Amino acid sequence: MTDLRQLREIERLVEDSVFLPSPRHQLKHRVLKRAIEAKYRHKLWKRFGITTSAVSGTLVIVYVGFRLFGSAPTPTQNSTQNGPVSVRIYSPGHNLEPPVVEQTTTAAGTSLGESLYFHPAPLQSVDSSSAARPAAESGQSNLSNNKDVPTNP
Amino acid sequence: METGEPIDFAEQVRHCALELARDGVGALASVYDVTASRLIRYASTLTRQRDDAEDAVQAALVRIALRPRVLAEARYPWAYLLKVVRNESLNIVRRRKPMRRLKVRTKSWCEYVAEPGEQELHSYVRRALGKLPPTQAEVVVLKIWEEMTFAEIGEVLGQSPNTAASRYRYALQKLSQHLHTLAELYHD
């Protein structure tokens with residue numbers, strides 16, 4: 001274990017061995033040159049940053065000004081013009097005519113299920129006769145009318 | 001000698017820093033004249049090579065020239081300057097290629113900074129100092145040659161004063177193993 005006196009001796013020995021290295025001759029010149037160059041570059045970058053931020057700030061202000069005070073588009077009054085668009089797709093094997101929806105006459109204020117329940121006889125007779133015939137006719141007509149089907153434009 | 005008047009030296013550095021903040025890059029020459037030798041000496045303990053130490057000092061002074069106000073407003077301008085040099089030195093050491101780092105480690109840093117025509121005893125002491133780990137050697141340099149307090153050393157290293165003090169004690173114990181007989185002969 002080293003005692004305190006010994007450490008003090010070492011301390012003094014190191015203290016007496018102090019030295020100052022002399023820097024190389026060109027170092028000062030190099031340091032000053034680099035410092036001036038760095039300062040110049042720093043200044044250039046600073047100016048570039050200021051210019052860029054000024055230009056971009058102006059552009060943003062102009063854009064916001066146009067959006068706020070310029071000719072803003074008026075909202076359309078007739079909303080049906082932009083309403084939903086129905087799209088029809090026709091294939092060559094089918095009629096161009098849209099399918100006709102048969103409207104069954106039912107009692108006013110009642111639904112279809114109720115009419116079937118309360119008036120079973122007349123509805124059944126009508127439905128069976130009208131449903132059987134078109135089915136047979138449609139099969140024939142489809143076969144016979146194939147040549148009459150116009151080509152898809 | 002400059003090392004005998006640490007307070008005056010610190011004041012001198014503060015004065016130079018104020019000049020640099022006021023006059024710009026033109027006043028960097030005076031900062032260089034006052035501090036260059038000591039900064040190279042300190043950087044050499046970390047880089048263990050003279051060229052790298054000079055590069056570190058150059059990079060540090062250029063950095064200071066870009067922001068002179070920071071140095072002027074620092075609590076201990078001299079400690080702040082040493083800290084900047086320390087950071088640059090560590091950056092250089094980190095950037096070194098592994099093979100070159102190995103070569104440098106085999107040599108003592110004192111071989112690079114030793115002045116010709118000096119006493120053999122002193123060069124032996126500096127060689128022993130070069131065998132210490134850089135973290136301990138730098139504390140010895142700052143404490144004995146720069147005559148800084150442990151609080152100031154802690155500021156330079158970014159550590160607490162207690163850490164600096166314990167590193168200093170370890171360093172002295174290691175040095176005493178190398179220099180024990182030499183110290184007795186020297187003081188007799």
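What follows is calculated from the coordinates using simple rules that are stated; it is not laboratory data. Values in this document were obtained by computation on a predicted structure and should not be read as measured data. Please note: Cβ atoms are built from the backbone with ideal geometry, for glycine as well, and neighbour counts cover all protein chains shown.
So the values come out like this:
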| quantity | calculated |
| --- | --- |
| Sites A:HIS25 and A:THR51, calculated FRET efficiency, Cβ-Cβ separation with R0 45 Å, nearest 0.05 | 0.65 |
| Exceeding the 28 Å Cα-Cα cut-off - candidates A:LYS39/B:LYS83; A:LYS39/B:LYS143; A:LYS28/B:LYS174; A:LYS46/B:LYS83; A:LYS33/B:LYS143; A:LYS39/B:LYS131 | A:LYS39/B:LYS143; A:LYS28/B:LYS174; A:LYS33/B:LYS143; A:LYS39/B:LYS131 |
| Summed residue charge, Cβ within 12 Å of B:ARG14's Cβ, Lys/Arg positive, Asp/Glu negative | -3 |
| Proximal charge balance of A:GLU11 [Cβ under 12 Å; K/R count +1, D/E count -1] | +1 |
| Order of B:TRP145, A:TRP45 under a 10 Å beta carbon neighbour criterion, fewest first | A:TRP45, B:TRP145 |
| FRET efficiency for A:HIS42 and B:HIS15, using Cβ-Cβ distance with R0 set to 22 Å, rounded to 0.05 | 0.35 |
| Cβ-based exposure ranking for B:ASP52, B:ASP33, in which fewest neighbours within 10 Å come first | B:ASP33, B:ASP52 |
| Order of A:LYS46, A:LYS28, B:LYS174 under a 10 Å beta carbon neighbour criterion, fewest first | A:LYS46, A:LYS28, B:LYS174 |
| Volume per residue that the Cα convex hull of region A:23-69 spans, once the total is divided by residue count, Å³ | 36 Å³ |
